[in-house]
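Worksheet: the structure to be examined is printed underneath.
The values are calculated or read from the model by the stated rules, or taken from the named source; none is laboratory data. Here the structure is a predicted model, which means the values were calculated and not measured. All Cβ positions, glycine included, derive from the backbone under ideal geometry; neighbour counts span all protein chains shown. Heavy atoms of the whole protein, side chains included, go into the accessibility calculation; ligands, DNA and RNA do not. Shrake-Rupley method; radii C 1.70, N 1.55, O 1.52, S 1.80 Å.
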Amino acid sequence: MHVHILGIAGTFMGGVAAIAKAAGFRVTGSDLNVYPPMSTQLDALGIEYVQGYGAGQLDLRPDMVVVGNALSRGSPVIEAMLDLGVPYTSGPLWLAERVLQGRHVLAVAGTHGKTTTSSMLTWILEHAGLQPGFLIGGVPNNFDCTARLGSAPYFVIEADEYDTAFFDKRAKFVHYRPRTAILNNLEYDHADIYPDVAAIRRQFNQLLRTVPSAGRLIVNGDDPELGRTLEMGCWTPRETFSAARSDAEWTVHDEAGESALFSVHLRGRKVAEVEWTLIGKHNVMNALAAIAAAHHVGVEPARAAQALNEFRGVKRRMEIRGVVGGVTVYDDFAHHPTAIESTLRGLRARVGKARIVAVVEPRSNTMKLGVHREQLAPALALADHSWFLKSADLGWDLPAALKSLGGRVSFAENVGALVKALADDSRPGDQVLVMSNGGFGGLHDKLLAELRARQ
């Protein structure tokens, strides 16, 4: 059977492509821009793809078109697909029907931490010898790929609340039917499709309705929005994890004070200890959730902790891209004020009084709409200086929103100017934290090249 995937360069749809190829399907696809890491993954798998969404690609005569949620009515390939009556489906539904049916799905949902927690959980199951399948919205360094068919019965999936397709506006995660579900947190995001946090809460409640009573919910007990979601209806046994509440089933004690060494407690009893290289209390919470979910499928916490001691993180999550002349350049996916603050807090705990330079690309749809503009300046409080790339399609006054930072914030009109300004301002010991949910115009490599040229 031949499946043609529209939007194949997205991490989710690229993962679907990899899984379909492993399952024996002929796979082709298209996207507007195909670049690493997805281009590398697709090339390695021998998957053919074309640039753009022209109608001519349907001359390949696929048996099924799998439509990514970036496609909408008016796109030439979509109009031709509908006019010709070519069978089509969404990525989540194709995955649910062709791969997830009959497997024990472990889904990781939440506004923040989905990719990292999914990667941790997958690695724990792999370390325990369970050879899980997985589809993750990033590249875990322990695997160097975003997706794998794996062996039955276990499959770990990053459960995204974004909408499914132009013809199915439900959240992706309602298709997955998990038996184990992690609810990491819930905040307002995706302002382009959800009018308020209550709308997102309703989608999370729909997810809860799909988890069987024989399953398990792993819930962040510190998150009030998740508490409100559970009040809307819950039919599944749940365990809470917490960094603050002693009455949660899963708790943590930070032995070193910098999240590098912490003990895990189940109902008040110490069951594991983790010593690793990750930073930040948010990652400790991610680890607690992953350990609890793995425990539901029979992995003892001590074994899970051994796996996390060897966990090597995820690309684009506090990934060190290079060190030149004592200047360390990081790449991080943070683009929501909560994630920006958590990342900065973790880095500050690690580097102490070293100078932190935050570099932000306001690229996400929510950021462009200015929904969280009042929270942006407080989120950057721990940075010594912040730089922003001015976006032409930003619908609000960025400098005005950041006025409270005074001389600790600067702006650049383009990537070239930003690279030059950062290089001019850099000094040995600087920690340059680059945050964007996109490629940022290759800023990381351009900055490192400029720093090398100046040495």
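For this structure, a couple of remarks:
- Put simply, the amide H of Val409, placed in the peptide plane, has neighbours under 5 Å in Ser386, leaving out anything fewer than 5 places away on its chain.
- Whole-Hz ³J(HN,Hα) from phi, Karplus 6.51 cos²θ - 1.76 cosθ + 1.60, for region 348-364, glycine and proline x: 4, 4, 7, 9, x, 8, 4, 6, 9, 10, 8, 10, 10, 9, x, 10, 5
- Per residue solvent-accessible surface (Å²) - region 91-165, probe of 1.4 Å: 26
- Note that region 49-66 has calculated 3J(HN,Hα) couplings of 8, 10, 8, x, 10, x, 5, x, 5, 6, 5, 5, 6, x, 6, 8, 9, 9 Hz, one per residue in order, obtained from phi through the Karplus relation 6.51 cos²θ - 1.76 cosθ + 1.60 (θ = phi - 60°); glycine and proline are x.
- The Cβ shell under 13 Å around Arg228 holds other residues with a net charge of -3, Lys and Arg each +1, Asp and Glu each -1.
- Accessible-area order (highest first, 1.4 angstrom probe) of the listed residues Glu187, Glu97: Glu97, Glu187
- Built amide H within the under 5 Å cut-off of Tyr188, gap 5+: none
- Solvent-accessible area, 1.4 Å probe, carbon plus sulfur percent, for the chain: 48
- Between the amide H of Asp160 and those of Phe173, distances stay under 5 Å, these residues lying 5 or more places away or on another chain, with hydrogens modeled in the peptide plane.
- Rounded to the nearest whole Hz, the Karplus-based 3J(HN,Hα) values (6.51 cos²θ - 1.76 cosθ + 1.60, θ = phi - 60°) of region 284-297 follow the sequence 5, 5, 4, 5, 4, 4, 5, 4, 5, 5, 5, 4, 5, 9, with x at glycine and proline.
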